[in-house]
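To start, the structure itself, in structure tokens.
The values are calculated or read from the model by the stated rules, or taken from the named source; none is laboratory data. If you're wondering where the values come from, they're calculated on a predicted model, not measured in any experiment. We place every Cβ from the backbone using ideal geometry, glycine too, and count neighbours over all the protein chains shown. Quick note on the areas: whole protein, heavy atoms, side chains included, nothing else; ligands and nucleic acids left out. Shrake-Rupley method; radii C 1.70, N 1.55, O 1.52, S 1.80 Å.
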Protein chains: 2
Amino acid sequence: MSCWYNNHAPCGDIAVSTRIRLARNINGFPFPARMSDEQRLEVNRKIKQVIESENFAPLSLKYIDMKDVPVNERFSMLERHIASREFVLNSDNKAIVLSEDETVSIMIGEEDHIRIQVILPGFQLEKAYEIADEIDNLLCKSLDIAFDDTLGFITECPTNLGTGLRASVMFHLPVSESRGEILALTKSVNKVGFTIRGMYGEGSDAAGSLYQISNQITLGISEKNAVDNLRVISEQLISKERQLQKNLNLIKTEDLCMRALGTLKYARILSSAELIKLIGRVKLGINTGVIKDDINPIKILIEGQPYMLMKTYGNMTEDERDISRAEMVRNALG
Amino acid sequence: MSCWYNNHAPCGDIAVSTRIRLARNINGFPFPARMSDEQRLEVNRKIKQVIESENFAPLSLKYIDMKDVPVNERFSMLERHIASREFVLNSDNKAIVLSEDETVSIMIGEEDHIRIQVILPGFQLEKAYEIADEIDNLLCKSLDIAFDDTLGFITECPTNLGTGLRASVMFHLPVSESRGEILALTKSVNKVGFTIRGMYGEGSDAAGSLYQISNQITLGISEKNAVDNLRVISEQLISKERQLQKNLNLIKTEDLCMRALGTLKYARILSSAELIKLIGRVKLGINTGVIKDDINPIKILIEGQPYMLMKTYGNMTEDERDISRAEMVRNALG
């Protein structure tokens, strides 16, 4: 199946993925947390009708009731970054709308009635926003979307009020990280209304050197401005990390990255945490030219997640998964 | 150049090498530590004459004045286990006699006038003793070797008095070691007059799980008995370690050993200590069948030692050697 991480990625050396999320609600219904089952089904029905209408035909979106999605597949959606943890943990009377390549996903019945998400590989803020905006416009045409002239879009959580937009870019920042620059970076982006957090691992511990930066401000700013601000910050981050990678000691970098590749090719037991760590190094090796193999590290990273593995290998214990993960990785690395 | 570690090794899964050493002295000269330069040269001359005589012709031994051996080559002799540390640290007026494949080496002017050494790959106590004994007999025919009817052969150090024989076998004991059985083994062989020590690393720390067992008793015992006792103990050790290796968890062993192989194949910087550690794991992988490649781990281990490397790559700093070592290992592993 084609997915966002299978595609070519602009600025893919440093930017792993770009996401735009728009939170929308329909007038006349309480927020999902307080909806009755009947109301949920009513909202689902309304949205299904719109998605399957003539207007949406060019987008080829598919409406899926979550009750028809097996549990493992639900969690694998989380691992592919097309649904949220809260959404897959409790999918009762919820639905999701997906484009064939899953770059568009619309969660129905998450914190808000509608969560439009567009995820693209690499650094593609404008394009991702364009697609999300198109879907938003189409939905606004057919549904009575809750909007206040002063506040903007009405959302369950006040932190989304206004644009309801969350724009984010996931970066691979191994050298900024090893130089201890993440803390300073965090402070400086906080000042201008953005946050940075590690994508994997707990707290500030960013396994695989993967960090996501996203906007915090949704009120009193236009969607376009929010996206523009993130673009400027992202370009600085990309340029800084590229410069640092260029100035690395070649033989030490080669040693670090080739060892990671060697371990991935030869290990017979591989935990998820170790995969993330080693994949980060392989990615650095590709960026710096010390690894010349045709490898898509992000694809391997995502397909090595527990539920993604179980889609291929069936239900397994954690120990069995570690063995299957090593096998999958070996196959992927050829 | 053919060397002992290039050859086929009986019981080579567990036994790395077998050594026999005989210490002999010539009547009418003080021990080397108290010899004048003239006396040293006189002893050298006498032995050279014998080695180059008709009697020794079938053995094709070569007499080499250590002053003709470059310093790096001297230290590489130590790394190939054909000369002792004391001998190469101070080679003034000393000489060595070597067979073409270096399985026979005779140090002249070490602690005793003559130190005959035979080193063979794997477990070959009888054969090694046979060769050493033949050389000993030939030397005794032509030289006035110091011998006392009550004590036996006279040596500088009392611990060698009697047979002057030190028989030793180097073992690779990864599983006995990981099961914590080396201490018990050490105690039990001590009781019957043998010692065990790690081949590499300091003190009891045996890098690469390589251990050497050797006899301590030389007085009141025949050479044959000493060799026989070591043979019996060695057979027990080999059989025990083989049994332990058979019962290993296959996937965990495969993971451990293949990772070691992967690191050796991909590393760009490799210290001597890490090489020893990883080679030990590769050897275990070969023994247990999880590594099927045609690899001679002991050859790689020896050729990865600092002075052996500098024979190929020229003089280098330690950092440069770590890079050349990684290159040599990659080439050796194909």
Legend entry - Relative contact order %, segment A:4-244, counting alpha carbon pairs below 8 Å whose residues are six or more apart: 25
Inset, instruction - Provide the per-residue ³J(HN,Hα) series for segment B:17-22, in order, calculated from phi with Karplus coefficients 6.51, -1.76, 1.60 and θ = phi - 60°, each as a whole number of Hz, with x at glycine and proline positions. - result: 7, 10, 10, 10, 10, 10
Legend entry - Accessible carbon and sulfur surface of segment A:145-187 relative to its total accessible area, %, 1.4 Å: 60
Legend entry - Cα gyration tensor category, rounded, prolate or oblate, for the protein assembly as shown with a/c compared to 1.5: prolate
Inset, instruction - List, in order, the whole-Hz ³J(HN,Hα) value for each residue of segment B:312-329 obtained from phi through the Karplus relation with A = 6.51, B = -1.76, C = 1.60 and θ = phi - 60°; use x for Gly and Pro. - result: 8, 9, x, 5, 8, 6, 4, 4, 5, 4, 4, 6, 5, 4, 4, 5, 4, 5
Legend entry - Max mean-square fluctuation residue, GNM over chain B, Cα-Cα springs under 10 Å, options B:19, B:259, B:281: B:259
Inset, instruction - Treat every Asp and Glu Cβ in segment A:4-244 as -1 and every Lys and Arg Cβ as +1, leave all other atoms uncharged, and give the resulting dipole magnitude about the Cα centre to the nearest 20 debye. - result: 460
Legend entry - segment B:37-72 residues near the modelled residue B:134 label - backbone nitrogen below 15 Å, point 7 Å along Cα→Cβ: B:55-62
Legend entry - Heavy atoms of residue A:67 accessible to a 1.4 Å probe, total area in Å² rounded to 10: 150
Inset, instruction - Would you please give the residues with an amide H less than 5 Å from that of residue A:62, counting only those at least 5 places away or on a separate chain, with H modeled from the backbone geometry? - result: A:98, A:99
Legend entry - For residue B:165, residues with placed amide H under 5 Å, excluding near neighbours: B:23
Inset, instruction - Calculate the mean, over all residues of peptide A:253-260, of how many other protein chain Cβ atoms lie within 10 angstrom of the residue's Cβ. - result: 5
Inset, instruction - Determine how large the accessible area of residue B:299 is when every protein chain is in place; take a 1.4 Å probe and give Å² rounded to the nearest 10. - result: 70
Inset, instruction - Output the relative contact order of segment B:250-333, whole-number percent, from Cα pairs under 8 angstrom with separation of 6+ residues. - result: 39
Legend entry - Cβ-derived FRET efficiency at R0 35 Å, residue B:293 paired with residue B:65, nearest 0.05: 0.25
Inset, instruction - Only counting protein heavy atoms at a 1.4 Å probe, give the residues of segment B:231-251, ordered by number, whose accessible area falls by 40 Å² or more when the other protein chains are present relative to the chain alone. - result: B:251
Inset, instruction - Identify which of A:86, A:54, A:318 has the largest mean-square fluctuation in a Gaussian network model of chain A, with springs joining Cα atoms closer than 10 Å. - result: A:54
Inset, instruction - Take every Cα pair under 8 Å in segment A:135-278 that's 6+ residues apart, average their separations, divide by the length, and report that relative contact order as a whole percent. - result: 23
Legend entry - Cβ neighbours within 10 Å from other chains - mean over A:267-279: 2
Inset, instruction - With all distinct Cα pairs included, what does the Kirkwood hydrodynamic radius of chain A come out to in Å, to one decimal, could you say? - result: 20.9
Inset, instruction - With a probe of 1.4 Å, find how much accessible area the protein assembly as shown has per residue, and write the answer as a whole number in Å². - result: 44
Inset, instruction - Could you rank B:242, A:231, B:179, A:21 by how accessible they are, 1.4 Å probe, largest area first? - result: B:179, B:242, A:231, A:21
Legend entry - Simple label model, 7 Å out from Cα along Cβ direction - residue A:27 to residue A:320, nm: 5.4
Legend entry - residue A:270 accessible area, 1.4 Å probe, all protein chains in place, Å² to nearest 10: 0
Legend entry - Within segment A:250-333: Cβ-based charge dipole about Cα centre, in debye rounded to nearest 20 (Lys, Arg +1; Asp, Glu -1): 220
Inset, instruction - Rank B:63, B:307, B:266 by mean-square fluctuation in a GNM of chain B with C-alpha springs under 10 angstrom and give only the top-ranked residue. - result: B:266
Inset, instruction - Calculate the tail of P(r) for segment A:5-113: the fraction of all Cα-Cα distances greater than 25 Å, expressed in %. - result: 24
Legend entry - A from B by rotation - nearest chain B beta carbon to the axis, in Å: B:262, 2
Legend entry - Rounded percent of accessible protein surface that carbon and sulfur make up, segment B:1-104, 1.4 Å probe: 49
Legend entry - Cβ-vector label at 7 Å, residue B:8, separations to other copies in nm: 5.8
Legend entry - Chain pair A, B: total accessible area buried, heavy atoms, 1.4 Å probe, Å²: 1600
Legend entry - Share of carbon and sulfur in the accessible heavy-atom surface of segment B:250-333 [1.4 Å probe, %]: 48
Legend entry - Highest average packing first - A:211-220, B:217-226, B:115-124, Cβ atoms within 10 Å: B:115-124, A:211-220, B:217-226
Legend entry - Binned Cα-Cα distance frequencies in segment B:250-333 - 5 Å width, integer %: 3, 17, 29, 23, 14, 8, 4, 1, 0
